[in-house]
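Heads up, the thing below is written out as structure tokens.
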Amino acid sequence: MVTIPSTVQPPSEATPSYICPLIGDLDMRGASEPPQKLWQQRESPDSLFCWAVVSNGYLTEEQMQRAAQRYHLGRSRDGGVIFWQIDTLGQEYDGKIMYYRSDCHRDHGRHPQWVSNLLKCQFLKQFPEMEVWMPAPCHCLFGTHLLTLADGADNADNIAVVEAEKTAVIMSEHYPQYLWLAAGGLTELTAQKLFPLRGRRVILFPDTDPDCKAYTHWWTVAQEAHRLYQLDITVSSLLERRATREQKEAKIDLIDYLF
């Protein structure tokens, strides 16, 4: 079961020392021990996000436990949730650290941080001359690793893509007939990130807004993905059709609409 802490305390284990931030899995424990993945070192359901999801009634503790394990949710030292981006081969692309208030809405006073950027900064403090050799970070859809795990399952061929990781996590428990992935932002969705979804049925659920910008942008991406990969893809107009003017002004997503 998920532990719902009254206050979040820093984890007791020491922070590992990384040899190189963009060689992902290396730590300083010695060659005799197999290196852990970064997500394994930080995996935890005890972030403020998980606490808020349960305390606000979006999921039960049991559901939150399953969702946290499904997406390998992590926890930063200061209570932020880490949304890991892992591909179908189990390779970590990056991790996004985000902060949520007790009402389960984003804490806009604290900007999201990328794990790759934090590790890069740590590395360059010791080796500043290596900056010119640092490759740009690569990102994939949040939840991409589920494509391999779900092969053969009833929902393996039905993919739903939303904007926010929070939405994917919650919807995965309420609508398990779909595999729920997240782009991580309106402009984070690209045709290239949809490439692993070829051969499956894909439906995009963009957020809504007064000017239909989100829907239009994702429709354009969907058309490109279909042209490039013959992807079986549609864009849901549910929120555009059902949301009120006030809801569109608030730029709601599926969770806001359904709950």
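Values as computed for the structure displayed
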| quantity | calculated |
| --- | --- |
| A250-Y175 pseudo-label distance in nm [points 7 Å out on the Cα-to-Cβ vector] | 1.9 nm |
| Estimated FRET transfer efficiency (F127, L89; beta-carbon r; R0 35 Å; 0.05) | 0.80 |
| Selection from L118, I86, Y99, by position along the positive dipole direction of region 76-145 (Cβ) | Y99 |
| Approximate spin-label separation R227-E62, in nm, with each point projected 7 Å along Cα-to-Cβ | 4.9 nm |
| Convex hull (Cα only) mean projected area of region 70-223, reported in nm² to one decimal | 11.2 nm² |
| Size of electric dipole in region 209-259: Cβ of Lys, Arg +1 and of Asp, Glu -1, about Cα centre, debye, nearest 20 | 120 debye |
| Local electrostatic count at H105 - Lys and Arg +1, Asp and Glu -1, tallied over other residues with Cβ under 15 Å | -2 |
| Inter-label distance for L118 and Y257, nm, one decimal - labels placed 7 Å from Cα along Cα-to-Cβ | 3.3 nm |
| Stretchable slack from R106 to K213, in nm (0.36 nm times residue separation minus alpha-carbon distance) | 36.4 nm |
| About the Cα centre, charge dipole magnitude for region 67-210 (Lys/Arg +1, Asp/Glu -1 at Cβ), debye | 180 debye |
| Enclosed volume per residue, in Å³, of the convex hull spanned by Cα atoms of region 51-140 | 122 Å³ |
| Calculated diffusion of region 205-259, Stokes-Einstein form, Kirkwood radius summed over Cα pairs, 37 °C and 0.692 mPa s, µm²/s | 281 µm²/s |
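Read-outs: derived from the displayed coordinates by stated rules, not from any lab. Since the model is a prediction, treat every value here as computed from it, not as a measurement. Don't worry about glycine lacking a Cβ; one is built from the backbone with ideal geometry, like all the others, and counts go over all protein chains shown.
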